[in-house]
Amino acid sequence: MNILVIEDEKKVAQALKKGLESEHYDVEVAYTGEEGFFLINKQKFDLIILDLMLPGRHGLEILTTLRGKQDKTPVFILTAKDAVEDRVIGLDSGADDYLIKPFAFPELLARIRALLRRGTSGQVLKLKLADLEMDLVGHVAARNGRPILLTVKEFELVEYFLRNQGQVVTREMLARDVWKETQRATPLDNVIDVHIARLRKKIDEPFAKKLLQTVRGVGFILTERAP
């Protein structure tokens, strides 16, 4: 799931990015209101974490413009302004939640999960193939009910394979869609193969039925069918 953090304090923004990515969220960061507004109009996010006092464009202006376009993306206001009237204005302007700095990161995570559950009723929240399951909100994966500990990149790979289950996935597709590399001088084949090998040890090696298979000369496929 994609989260946009619009925060002009770089230490806070980078701490949020690092913490959220460790929970397997994809995170974009904007340090000004203008940059954040540009990204909102450029791509779709599952959640926006928005500071109010921003250079270039005020957070409330971004929020009211968003809601004026009937955009229902969940917006979480994160600000140092702790007056009751500020909170009321933010919520009345269309914010979904509000947290005062400084804050406890576990509380922020819990509120984010709640917002995403509330705001994704029309989206797929769980992916499954055979006994391999992935909870996109809780950010957990399991096989045969046994939790699988994945790195951020491994989680992204499993999600991508599950979304494309039964279809051949090439290395070029993985480089473009998982590694976000579209104009790289040298191919990522070796890096991808190393990650696939590590992933197999976690999701396939302990189990009788192998799901992640190699299609020689083409790529990989996640399927229940025998190779």
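Any read-out appearing in this document is the output of simple, stated calculations on the displayed coordinates, not a laboratory observation. Here the structure is a predicted model, which means the values were calculated and not measured. All Cβ positions, glycine included, derive from the backbone under ideal geometry; neighbour counts span all protein chains shown.
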Legend entry - Among L66, G94, L211 - extreme Cα towards positive end, dipole of the chain, charges at beta-carbon: L211
Legend entry - Rg and Dmax [Cα atoms of the range 18-109; Å; Rg one decimal, Dmax integer]: 12.8, 35
Legend entry - Ranked H58, H24, criterion: other C-beta atoms within 10 Å, fewest first: H58, H24
Inset, instruction - Using only alpha carbon pairs under 8 Å that are at least six residues apart, calculate the relative contact order of the chain and give it in whole percent. - result: 13
Legend entry - Using θ = phi - 60° and Karplus 6.51 cos²θ - 1.76 cosθ + 1.60, couplings along the range 69-74 (whole Hz; Gly, Pro as x): 8, 6, 7, 9, 3, x
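Rounded, prolate or oblate: which one fits the range 1-47, using the alpha carbon gyration tensor with axes a ≥ b ≥ c (rounded when a/c is under 1.5, else prolate when a/b beats b/c, else oblate)? The partial results should precede the final answer.
Numbers: a/c = 3.47, a/b = 1.16, b/c = 3.00.
Since a/c reaches 1.5 but b/c is at least a/b, the shape of the range 1-47 is classed as oblate.
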